[in-house]
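*Asks:* Supplied in structure tokens, the structure appears directly below.
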């Protein structure tokens with residue numbers, strides 16, 4: 001998996017460093033995606049240290065899975081190397097969602113991209129990435145049945161970052 005992740009990061013390096021985190025919400029500026037990912041990483045790491053194993057199911061989360069999910073959870077927002085997720089409007093300088101992308105949610109696109117690079121996921125990682133947007137997910141009716149410690153931690157870190165730190 002390490003070699004495949006290195007290939008994905010190399011291929012996506014320009015998008016990772018230039019794309020915004022969103023078009024009309026948090027960190028909608030050049031480099032916002034990377035800044036958001038770092039924020040989610042820091043919040044997730046802090047949250048994971050707050051939970052003591054003898055008090056919660058959180059101890060079942062492997063830190064490697066948590067860090068992996070944090071790093072890739074929004075890769076689908078970047079779009080593809082040949083068709084980015086956001087386009088900067090030359091006239092206004094504002095970022096706009098690329099309407100020429102496929103009709104997948106960014107969560108679905110993330111899973112598609114990881115599959116394309118041969119990056120295998122555990123069922124827990126798959127669920128965490130697919131439903132990390134929580135109530136904002138396109139598949140919200142499935143979330144209650146899918147809640148796992150990894151999903152809850154990723155969702156909480158993502159939400160705190162986007163709605164509090166980056167507001």
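*Asks:* Residue by residue through segment 1-13, note down the ones that are in contact (Cβ under 8 Å) with a residue 60 or more places away in the chain and either outside any helix (DSSP H, G or I) or closer than 22 Å to residue 98 by Cα (or both).
*Replies:* Those that are in contact (Cβ under 8 Å) with a residue 60 or more places away in the chain and either outside any helix (DSSP H, G or I) or closer than 22 Å to residue 98 by Cα (or both): 1, 8, 11, 12.
*Asks:* State whether one or more residues within segment 106-116 are assigned to a loop (DSSP other than H, G, I, E, B) and either at pLDDT 95 or above or out of contact with any strand residue (DSSP E or B) (no Cβ under 7 Å at 6 or more places or on another chain) (or both).
*Replies:* Pass one, segment 106-116, residues assigned to a loop (DSSP other than H, G, I, E, B): none.
No.
The values are calculated or read from the model by the stated rules, or taken from the named source; none is laboratory data. This structure is a prediction, so every number in the text was calculated from the model and none was measured. Glycine gets a Cβ as well: all are built from the backbone with ideal geometry, and neighbour counts include every protein chain shown.
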